[in-house]
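Reading through the C-alpha cells given below for one structure.
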Amino acid sequence: MSLDLNLNPTLLPKLGLNPKQEEAVQYFAGPLLILAGAGTGKTKTLTSKIALLIASGVPPGRVLAITFTNKASQEMQHRVGKLVPYSGGMWIHTFHALGARILRQHGRLIGVKPDFVIYDADDQKKLIGLAMEELGFESEKNKAPMYLSIISRAKDDLLDSQSYLINAQAVSDPDRLKAAQIYHRYQKKLTEAGALDFGDLIVRPVELLNEKEEIREYFQENFQYILVDEYQDTNHAQYVLIKTLCAKHRNLCVVGDPDQSVYGWRGADIRNIMDFEKDFTDAATVVLEENYRSTARILHAANELIKHNRNRRPKNLWTKAGHGEPPQAQEYANENDEARGIADQVKQLTGRGSLTYNDIAVFYRTNAQSRSFEEGFRRARIPYRLIGSVRFYDRKEVKDVLAYLKLLVNPADTISLLRVINLPARGVGKTAMDHVMAHSRQKEMPLYDALLSADQVPDITNTARRGIKEFLDLLEGVKSDLFSGTPSLMLEKILTSSGYWKMTEDLAEKEPQESLARLGNLQELVNAVKEFEDHCVKEGAAPTLHKYLEEVMLSSQVDKLNTDTHAVTLMTVHLAKGLEFPAVFLTGLEENLFPINAANSSEEDMEEERRLAYVGMTRARERLFLTWAATRRVYGTTYPNLASRFIFESRVAGETAPRHGEEDVQVIASYQPPPSIPRIGKGRRIMHPVHGAGRVADQIGAGEFAKVTVVFDSGVRQTFMLKYAPLQPI
C-alpha cells in the first residue's frame, strides 16, 4: 500500500493547477485513474505529480514514469527537472526503453546477453525472409511483411513462438501452421544473432519477472510510485508488465482517455483503461474536463460527436476561453476541388496575417489521399510538409508500377528493370539475374538485350527462362500501344497483365490494412494519370506516356527540394494524436472513407473511427474545417459519396446551447441527413438519385446499423447504410 508521505507544502502553490489537477496531483493513497480529456493538461498534471513526489522526499530512482514516445519522455524529464533540480536518476522511459534497460541489467538470467542489438522492421523482414528460405517457403518471401504483422501481434498477446506453434498444431490450420513455423524459425535466428525485436523488449522482461523471483521482488520493491501516460494505448503485454511491477506498493497512476483510443488495429486494448477500476477495486478516479487548447465552439462540436459512442466514460470538455469561430463544414464537387478549395482557404487564413503556414494542418484518413493535396498545394505554390509517410510518388507500390512504365519508354533503364523483373514473383531470382548481368557484361550488351537472348545465358534454370520470357512478353505486348494508346490504358494493362494488382489484392487475406493502403495508392496513381490526360485535352496537347513520366519526375524533384520550414502540415489523422494547430482541416469525411468501410463495419470498428474523428477535431485551437467530396475517383472511375455521419453527429442545430455558451456548428453544405430511417425491406423497389431504380436484394442489421444491398436495373450492385442512404421506396 501507499507509503507515508508528507507532501511538500511549498511546491504545490507554484504549479498553477486547477482544482481537478490539484486533486489528481495530491492523491497518493493507492491506484489512481486520471481520465484526461483532450487538451486538459495531462502532461502538466503528470510532471507536477512526479515533482511533488521528489520534493516530498521520494528518491528519484524509485519513481517510474512510462510514456509512448521518446519526445514525450524527454519533455517530461525536462519539465520535472525545471520544477525540482535534484531529480536526477528518475526512470522516465518509453515502454521499449524500459524493457531494454531491465534486460541490459538482468537479461542474462534468461539467456539475453547485455550487448544485444535491436532489430527494426526492415531488419525483421530480412530475417523473416531468411527463415522462410530455410523452411522452403522462399517463393513467398514477398509475404514477409504479413508474417511480421502476425509475429508482432502474437508478441503483443504474450504468445511466444513455442506456444504459437503448439496452438497452430492443435487447430490443424495450414496457414496458421506455416506462420507458426516461420515465427519459430525467425525467433531462433533472432536469438542466434544476439538480437531482440520491439516485441521482445516487452515480452522478455515479462518472462524475466515471471521466472526470476529475486528480480521481480527487486523491481517491485524499488518502484514505489509508477505513472503511465496514454494508458488507453497499451496492449496486453504492456498491461501485464505494469501490473506485475506495481503489485507490491500498488501506487499506480494511469492517465488516459478512452475517447482517444485509436490504435486497436495495432494491438492497443481499450479494455485496459475501461476496466481499470475492476482490476483495482480500491482505485480513485479524477476526471479532467477543463480544456486549455480549443475554443468553446470547437469543443462543443467534438463533445456532440463523441456522445454517439457507447463504450466510453462520460465527460464533457469545456473552456474558459472565448466562443471563437464556429467550425465550418464544406462540401466540394470532387477530391481535386477539395484540395483547391482548401488551398484557397489557406491563402485567406495566412493572407490576413494572423496565421502562418506552420499554424495550419490538413488531416486525412488514408495515405493515398495526400496525392490530391500535394498536387493542389504545388499548383497553388503553398509550401507543405508530409509527415509520417513518404511522398506519393516515393511510395513503394507507386515506384514499382512507375518502373514498369519507364521500361516501356526506355528499356535501357537498368534500375527500373532490376526493380520489377521479379515483381510479382515469376521465378527470376537473384542468382538468375546475376548470371544474366554477367552475360550482359561479357557480351557488352544492354541488360534488356541480354534478357532477350536469355536462351544463350548459361547456368540459369528453365523456370527463370520462362519467367524472363513472361516478363518480356508483358512489356512488348503493352509497348505495342505506346503510340496509339493512352497512358491510362497502358497503366491499367500493366497492373492487370503483370499480376501486380492481384498480388496486392491477395495480400488482403492476411494483412487487410496494408493491402487496403497499397490498393488505395494504386487507385490514386490511376486517378493521377487520368487527370493528366484530362489536363492535356484541355490544353490541346496529346497525353503521351513520355510526357506524363517527365512531369512526374520533375514534380518529384520539386518535392525533394521543398525544405521550407514555414509549411502547411499534411498527415493522416492517426499521426495527429498529441499535436495541436491553430487551424485544422479534417478532410474526406465521406461514408466508406471516414468512417472507412462503413457499410461493413462492426459497432466496435465504427466507434474507433468516431474516436479518430474526435481526435482530429480536438487538435484544432482556433479554426476547424470539416470537408468532403460529393464524388471521388476510385481506380479511375468516379463514384458519388454520402457525407460522413460524423458531419451530422457533430451538429447541434435546434438544441439548447450547453454551458459556456457554445453555439452550433456552421454547416455550409447543401446535403442534409435523412430525418429518419426509411422503412425499406428486402424485395422492395427503390429509387436512388444517381443509380436510378433498383430492388433491395438483402438487408442485415436493424435500426441505425441496418444495411441494405441493392441491385439496380443498370446491373450495378451496391451496399448502403440505410440510415444515410438517399433511397426512396417506389
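Key figures
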| read-out | value |
| --- | --- |
| Qualifying position, being open to solvent by 30 Å² or more (accessible area, probe 1.4 Å), assigned to a helix (DSSP H, G or I), within 30 Å of ASN358 (Cα to Cα) and modelled with pLDDT of 85 or more, among ARG378, ARG385 | ARG378 |
| Counted residues, the range 166-189 - those being free of Cβ contacts under 8 Å to residues at least 60 places away in the same chain, open to solvent by 60 Å² or more (accessible area, probe 1.4 Å) and not β-branched (Val, Ile, Thr) | 11 |
| From the options GLU140, GLU75, residue that is surrounded by 14 or more Cβ atoms within 10 Å (Cβ to Cβ) and within 26 Å of LEU227 (Cα to Cα) | GLU75 |
| Some residue of the range 290-300 being basic (Lys, Arg) and assigned to a loop (DSSP other than H, G, I, E, B) | yes |
| PRO458 vs. criteria open to solvent by less than 40 Å² (accessible area, probe 1.4 Å), part of a loop (DSSP other than H, G, I, E, B) and not β-branched (Val, Ile, Thr) | no |
| Residues of the range 318-375 that turn out to be within 27 Å of GLN513 (Cβ to Cβ), among the aliphatic types (A, V, I, L, M) and outside any helix (DSSP H, G or I), as a count | 2 |
| In the range 401-429, residue most open to solvent (accessible area, probe 1.4 Å) [restricted to those that are closer than 20 Å to PHE137 by Cα and over 33 Å from the mean Cα position of the chain (by Cα)] | GLY427 |
| Condition check for THR504: polar (S, T, N, Q) and without any contact (Cβ under 8 Å) to a residue 60 or more places away in the chain | no |
| Hits in the range 190-207 - residues which are surrounded by fewer than 22 Cβ atoms within 10 Å (Cβ to Cβ) and over 15 Å from LEU148 (Cβ atoms) | THR191, GLU192, ALA193, GLY194, VAL206, GLU207 |
| Conditions (1) in contact with a Lys or Arg (Cβ under 8 Å, 6 or more places away or on another chain); (2) open to solvent by less than 40 Å² (accessible area, probe 1.4 Å); (3) over 27 Å from THR572 (Cβ atoms): number failed by ALA528 | (3) |
| Residue ranges of helices (runs of 4 or more DSSP H) in the range 65-165 with at least 1 members farther than 22 Å from ILE215 by Cα, touching a residue at least 60 places away in the same chain (Cβ under 8 Å) and within 29 Å of the chain's Cα centre (by Cα) | 70-83, 121-134, 144-156 |
| Single residue of the range 590-636 satisfying the filter (among the polar types (S, T, N, Q) and within 28 Å of VAL568 (Cα to Cα)) that is farthest from the chain's Cα centre (by Cα) | THR631 |
| Residue within the range 227-248 that is open to solvent by 30 Å² or more (accessible area, probe 1.4 Å) and among the polar types (S, T, N, Q) present | no |
| Odd one out for PRO31, checked against (1) over 17 Å from GLN232 (Cβ atoms); (2) over 29 Å from the mean Cα position of the chain (by Cα); (3) at pLDDT 90 or above | (1) |
| Test: residue in the range 659-667 that is at pLDDT below 95, under 25 Å from PRO726 (Cα atoms) and of a type in the set (Gly, Ala, Ser) | no |
| Matching entry among VAL84, VAL112 (being closer than 30 Å to ASN8 by Cβ, surrounded by 13 or more Cβ atoms within 10 Å (Cβ to Cβ) and of a type in the set (A, V, I, L, M)) | VAL84 |
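The values are calculated or read from the model by the stated rules, or taken from the named source; none is laboratory data. Computed from a prediction, not measured in an experiment: that's the story for all the values here. Counting neighbours? That spans all protein chains shown, and the Cβs are built from the backbone with ideal geometry, glycine included. These area figures cover heavy atoms from the full protein model, side chains too; ligands, DNA and RNA do not enter into them. Shrake-Rupley method; radii C 1.70, N 1.55, O 1.52, S 1.80 Å.
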